[in-house]
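Take a look at the structure set out below.
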Amino acid sequence: MIYVTRREVFSSAHRLYNPELSDEENEEIFDKCNNYHGHGHNYVLEVVVAGEVNPKTGYVIDLKKLKKIIHEHVVVKLDHKHLNYDVDFMKGIIPTAENIAVAIWNQLLDRINEGELYSIKLYETENNYVEYKGG
Ligand code: NI
């Protein structure tokens, strides 16, 4: 099994806020991330595809194809957007790194047909990242 990784960056705004909770509870849970007009991050995304090397191509997946899939279905939709308002596949989801990673996984899962999607790693800051492996 070989693991192939494509790294991408995008910049997005978000506000951590649960509409089912009171303003006080939101403030308590999300603190400054609850800032009314949001704030931004430069996200770093790592998409890992696992598989065996195709003897015909020498690839698990052609990274040019993987790049194109990630761009079209993730980066273009998230970059320079407000995650609470602008992104169809984030509607109604609190845009924490955890939830963004799961949403990205769901965007990509059925679109990767060579090898299989193994993990999504999403860095929200240099020191904080989440990793999702499905399930
Ligand atoms: Ni934030």
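Okay, here's what the table says:
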{"quantity": "Those residues of the stretch 20-60 which are loosely packed, with under 13 Cβ neighbours inside 10 Å and touching a His at 6+ places or on another chain (Cβ under 9 Å), in sequence order", "calculated": "Lys32, His39, Gly40"}
{"quantity": "Answer residue from the stretch 33-84, given it is within 16 Å of the ligand (Cβ to nearest atom) and among the hydrophobic types (A, V, I, L, M, F, W, C) and is farthest from Ser119 (Cα to Cα) among those", "calculated": "Cys33"}
{"quantity": "Subset of the stretch 61-74 [surrounded by fewer than 17 Cβ atoms within 10 Å (Cβ to Cβ) and among the β-branched types (Val, Ile, Thr)]", "calculated": "none"}
{"quantity": "Residue match in the stretch 82-95 (condition: under 30 Å from Ile29 (Cα atoms), open to solvent by less than 60 Å² (accessible area, probe 1.4 Å), out of contact with any helix residue (DSSP H, G or I) (no Cβ under 9 Å at 6 or more places or on another chain) and not β-branched (Val, Ile, Thr))", "calculated": "yes"}
{"quantity": "Condition check for Asp110: more than 23 Å from Arg15 (Cα to Cα) and surrounded by fewer than 17 Cβ atoms within 10 Å (Cβ to Cβ)", "calculated": "yes"}
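Every residue, every condition in (1) out of contact with any helix residue (DSSP H, G or I) (no Cβ under 9 Å at 6 or more places or on another chain); (2) farther than 17 Å from Lys67 by Cβ; (3) touching a residue at least 12 places away in the same chain (Cβ under 8 Å); (4) open to solvent by 50 Å² or more (accessible area, probe 1.4 Å), yes or no:
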| residue | (1), (2), (3), (4) |
| --- | --- |
| Glu98 | yes, yes, yes, yes |
| Ala103 | no, yes, yes, no |
| Asn106 | no, yes, yes, yes |
| Glu116 | no, yes, yes, yes |
| Lys121 | no, no, yes, no |
| Glu126 | yes, yes, no, yes |
| Tyr129 | no, yes, yes, yes |
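The values are calculated or read from the model by the stated rules, or taken from the named source; none is laboratory data. Owing to the predicted nature of the structure, the values given are computational and were not obtained by experimental measurement. No Cβ is skipped: glycine too gets one built from the backbone with ideal geometry, and neighbour counts run over all protein chains shown. Remember, those area values only see protein heavy atoms, side chains included, never the ligands or the DNA or RNA. Shrake-Rupley method; radii C 1.70, N 1.55, O 1.52, S 1.80 Å.
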